[in-house]
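Read through the structure below, which is laid out as structure tokens, and then see the notes.
What follows draws every value from the coordinates through simple rules; no lab data is involved. This is a predicted model, so every value here is computed, not measured. Neighbour counts are summed over all protein chains in view; Cβ atoms, including those assigned to glycine, are modelled from backbone coordinates with ideal geometry.
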Amino acid sequence: MSTLHIPILRHGQPYESVDKITLLHHATGEPIAQVSQANAGLISRDVHRWDHAVLDQFAIKDLFAIYRRAADLFMNAALPIGDSQQTFDDYVQHLSATTGMPYTYCRLNAQKIHRVMSEIEQVVAGLTRGFDWSILAGFVKQELLVECCRAIHRACIRCGFRHWRSKRRWF
């Protein structure tokens with residue numbers, strides 16, 4: 001397995017940070033990937049430079065379609081990751097190597113992520129108790145998307161994914 005570099009995405013472009021961490025194989029200690037890190041200053045600068053009105057050009061249904069398309073790509077396409085491509089099977093292999101979870105569990109958990117993303121309309125309907133999408137505009141739309149991302153993040157955590165810890169392993 002070759003070592004990947006996972007860059008930061010800044011304004012949609014890959015960015016290799018000076019500050020990187022190395023993900024190690026759970027059993028052998030072999031390097032699996034290097035992950036660029038973003039500090040608070042970098043994130044703050046980028047957030048202040050965003051054009052928050054960009055989301056206003058999309059209807060909420062269009063945003064849901066983007067989520068569904070991303071779910072399909074996650075499962076079925078070779079996606080760019082750093083300077084290489086990663087298929088779904090590569091993702092499962094890397095996840096298993098860094099977490100120690102069996103391939104079967106990694107695959108099932110990834111399929112749960114796919115399901116949440118592909119059924120994003122039902123997820124949001126459950127979070128908002130089914131209110132009419134036409135009332136979403138501007139700030140409200142952005143806040144709803146933030147809540148959707150939080151819901152997906154919670155689903156990922158329940159599926160076995162955790163934040164990076166100081167012992168350089170995923171928990």
key: Index of the failed condition, ILE32 passing every other in (1) of a type in the set (Val, Ile, Thr); (2) in contact with a Pro (Cβ under 6 Å, 6 or more places away or on another chain); (3) surrounded by 16 or more Cβ atoms within 10 Å (Cβ to Cβ)   = (2)
message = Residues that are assigned to a loop (DSSP other than H, G, I, E, B), surrounded by fewer than 12 Cβ atoms within 10 Å (Cβ to Cβ), on the phi < 0 side of the Ramachandran plot and not polar (S, T, N, Q): does the stretch 49-69 have at least one?
response = yes
request  = All but one of (1) among the hydroxyl-bearing types (Ser, Thr, Tyr); (2) part of a loop (DSSP other than H, G, I, E, B); (3) within 23 Å of ILE8 (Cβ to Cβ) hold for TYR91, so report the exception by its number.
outcome  = (2)
note = The condition from (1) in contact with a Leu (Cβ under 9 Å, 6 or more places away or on another chain); (2) not in a helix (DSSP H, G or I) that ALA110 misses is numbered (2)
